[in-house]
Amino acid sequence: YLAARWARQAEMRTHRDLLQSVGVEVTSSWLDVAEAQGSDKELGAQLDLHDVSRSDILISFTETEEVGYNTGGRHVELGYALANSIPIIVVGPRENIFYHLSTIKQVSDINELIQLLKEHKII
């Protein structure tokens, strides 16, 4: 599952395509839908949690302080993954104290992510 702020949806589609090209199944259906409005937001949240729950790993693309942390739905997804013992990799800086847990791996970019996935024989 790829977690990121909504404004990075197009970028995440590119990352999804790259990951799929090396054999990773991506469960993030939010990448292919329009932004939820009104009552659709509950359905969107439920769908995101379902997608996280059926993933083998959550990859969270974080932000720098200059960009800001915005609404934080991805933080909820990370917490949900933690609560369900789903392994987590952070791509980017560690944004808050939970991102510093010893069980969370951290890389700086998509290339380091792919290398880490290869090293752990995920791809």
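Residues are listed down the side, and each one gets a yes or a no for (1) touching a Lys or Arg at 6+ places or on another chain (Cβ under 6 Å); (2) within 17 Å of ILE88 (Cα to Cα):
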site	(1), (2)
ALA3	yes, yes
MET12	no, yes
HIS15	no, yes
SER21	no, no
SER29	no, no
ASP48	no, yes
ASP51	no, yes
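Can you tell me which residue within the range 53-71, out of those that are in contact with a Lys or Arg (Cβ under 7 Å, 6 or more places away or on another chain) and not polar (S, T, N, Q), is farthest from THR14 (Cα to Cα)?
Among those residues, the one meeting the criterion is GLU63.
What's the number of the only condition in (1) open to solvent by less than 40 Å² (accessible area, probe 1.4 Å); (2) of a type in the set (A, V, I, L, M); (3) over 13 Å from the mean Cα position of the chain (by Cα); (4) within 23 Å of LEU19 (Cα to Cα) that ILE59 fails to meet?
With (1) open to solvent by less than 40 Å² (accessible area, probe 1.4 Å); (2) of a type in the set (A, V, I, L, M); (3) over 13 Å from the mean Cα position of the chain (by Cα); (4) within 23 Å of LEU19 (Cα to Cα) applied to ILE59, the lone miss is (3).
Restricting attention to the range 95-122, which residues are open to solvent by 80 Å² or more (accessible area, probe 1.4 Å), within 16 Å of LEU2 (Cα to Cα) and touching a strand residue (DSSP E or B) at 6+ places or on another chain (Cβ under 9 Å)?
Correct list: LYS105, GLU112.
Report every pair of residues separated by at least 6 positions or lying on different chains whose Cβ atoms are under 6 Å apart, first residue within the range 5-22 and on the phi < 0 side of the Ramachandran plot and touching a residue at least 60 places away in the same chain (Cβ under 8 Å), second open to solvent by 60 Å² or more (accessible area, probe 1.4 Å) and not in a helix (DSSP H, G or I).
Matching pairs, first to second residue: ARG5/ASN70.
Which ones in the range 10-48 are part of a loop (DSSP other than H, G, I, E, B), under 28 Å from ILE122 (Cα atoms) and open to solvent by 50 Å² or more (accessible area, probe 1.4 Å)? Walk me through it before giving the result.
Quick first cut of the range 10-48, residues part of a loop (DSSP other than H, G, I, E, B) only: 22-28, 33-39.
With the extra rule that they be under 28 Å from ILE122 (Cα atoms), the set shrinks to 22-28, 33.
If the condition is that a residue be part of a loop (DSSP other than H, G, I, E, B), under 28 Å from ILE122 (Cα atoms) and open to solvent by 50 Å² or more (accessible area, probe 1.4 Å), then VAL22, GLY23, GLU25, VAL33 are the ones that fit.
The values are calculated or read from the model by the stated rules, or taken from the named source; none is laboratory data. Quantities reported herein were computed from a predicted structural model and do not represent experimental measurements. For neighbour counting, all protein chains shown are included, and Cβ atoms are generated from backbone atoms with ideal geometry for every residue, glycine included. Accessible surface areas use protein heavy atoms only, side chains included; no ligands, DNA or RNA. Shrake-Rupley method; radii C 1.70, N 1.55, O 1.52, S 1.80 Å.
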